[in-house]
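Visitor: Next up is a structure, given as structure tokens.
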Amino acid sequence: TVFSETPAEPNGRVCLTIEFDVTNISGRFEFDTACATETINTIFMIDNGTYVDHGPAGTGEVTFNKGTITIMKDSDGDGIVDGVDNCPAVPNPGQENDDTDEFGNACDNCDTVDNPGQTNSDGDSYGDACDNCVDLSNENQADADGDGRGDLCDNCAGIPNEDQADADSDGIGDLCDNCPADGNPDQADADGDGIGDVCDGCTDLDGDGFRDPGYPGEECDLDNCALVYNPEQADSNGDGQGDACDCMCEVLGDMNYDGAVNPLDCVVLVTYIFKGQDPRVQNPTCPYEPGDWSCDGTRNPLDVVFMVNYIYKNDQYYAPCDPCQCTPYPDDCPYHR
């Protein structure tokens, strides 16, 4: 006999309370309430809250004496009613809880750090209180240098720097920034010396001790052959271009490496033209072969004619053209006007 019946509580945890004015009754108890669905488990509690049985769809075998039976939700079916379950939506019959907040380990996004609010700014599986990248989702929580800051948000991912100091605010931590006092997020280092271009006093790509054009710095002089190693910086014709990379007219006509253009060079050139014997190796920085006096792309008898007139008559009309200036041909190269 039903003595009284109480509907579900507002919190949705207690579904029904029924009082009986009978004694020593046993059998199958069935009901139809908000808890009686195929997806929600129920627990029968009798008098002093002792567990009796639970099951889906609001049915269960119960034995009770005169008193009260309360039917409560157990949403995750772990045998712990929702009202006291520290993870009501995740089965955890052991109710393990390694911190002191109200969330069990099975559903706590920081299971060893108190975080009652369970705040999770980046939406990964870790709450802000224990996430090593609070604002960037990083499920693996990788931290190669072990400084407590995840690799994804660490401004020196390979060097421990707990304080994340970044004096120039370029996103690169001071401990790994190749210019810690000058902003350079790209960390460009053209000469690979470990000092960024923006603060390198001597950016020297060829390693000869002289600074390449286009880079700041005052610790060394400007290199007159930026991409050619020439520590002596020799410049025979004084044009500002080092001999190592300068295509000088005299060099073009000096067929035998004696440092001057003279009749012997004519002999060497004629020997090459008619016998195919070439004692010289072309300078890789010059676009024309040695002996191509007229810069027409071939070495032929015309080059001999020009060379003889220049040597014996000192006629500047026949002066060799500077191969570095042959395209377009300059005014001082009359043959090509």
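Values in this text are rule-based calculations from the coordinates and carry no lab data. The structure displayed is predicted, hence computed values, not measured ones. All Cβ positions, glycine included, derive from the backbone under ideal geometry; neighbour counts span all protein chains shown.
Visitor: Starting from 0 in steps of 10 Å, tell me what percent of the Cα-Cα pairs of the range 109-261 lands in each bin.
Guide: Whole-percent P(r) values from 0 Å outward: 11, 23, 19, 15, 12, 10, 6, 3, 1, 0.
Visitor: How much net charge surrounds Asp78 when only other residues with a Cβ under 14 Å from its Cβ are counted (Lys, Arg +1; Asp, Glu -1)?
Guide: My count for the surroundings of Asp78 gives -4.
Visitor: Right, another one. Subtracting the Cα-Cα distance from 0.36 nm times the residue separation, let me have the gained length for Cys176 to Asp221 in nm, one decimal.
Guide: Gain in length upon complete extension: 13.4 nm.
Visitor: Same structure, new question: Say the dipole of the range 100-223 comes from +1 at the beta carbon of Lys and Arg and -1 at that of Asp and Glu; which of Ile159, Gln141, Val113 then lies farthest toward its positive end?
Guide: It is Val113, whose Cα lies furthest towards the positive end.
Visitor: How would the range 131-189 be classified by its alpha-carbon gyration tensor: rounded, prolate or oblate, with rounded meaning a/c under 1.5 and the a/b versus b/c comparison settling the rest?
Guide: Because a/c hits 1.5 or more and a/b exceeds b/c, the range 131-189 counts as prolate.
Visitor: If you average 1/r over all unlike Cα pairs in the range 163-216 and invert the result, what Kirkwood radius do you get in angstrom? Spell out each step's value before the answer.
Guide: Values: mean 1/r = 0.0867 Å⁻¹.
Value: 11.5 Å, from the Cα pair sum.
Visitor: Could you work out the local net charge near Pro91, counting Lys and Arg as +1, Asp and Glu as -1, over the other residues with Cβ closer than 10 Å to its Cβ?
Guide: Around Pro91, the charge tally is -4.
Visitor: While we're looking at this one, here's another question. Stretch Ala144-Asn262 to full length: gain in nm at 0.36 nm per residue minus the Cα-Cα span?
Guide: Extending this stretch completely gives an extra 35.6 nm.
Visitor: Mind checking the full-extension length gain between Asp193 and Lys313? Use 0.36 nm per residue of separation minus the Cα-Cα distance, one decimal, nm.
Guide: The span from Asp193 to Lys313 would gain 37.9 nm if fully extended.
Visitor: Along the Cα→Cβ direction, 7 angstrom out, place labels at Cys153 and Leu205. What is the inter-label distance in nm?
Guide: 4.0
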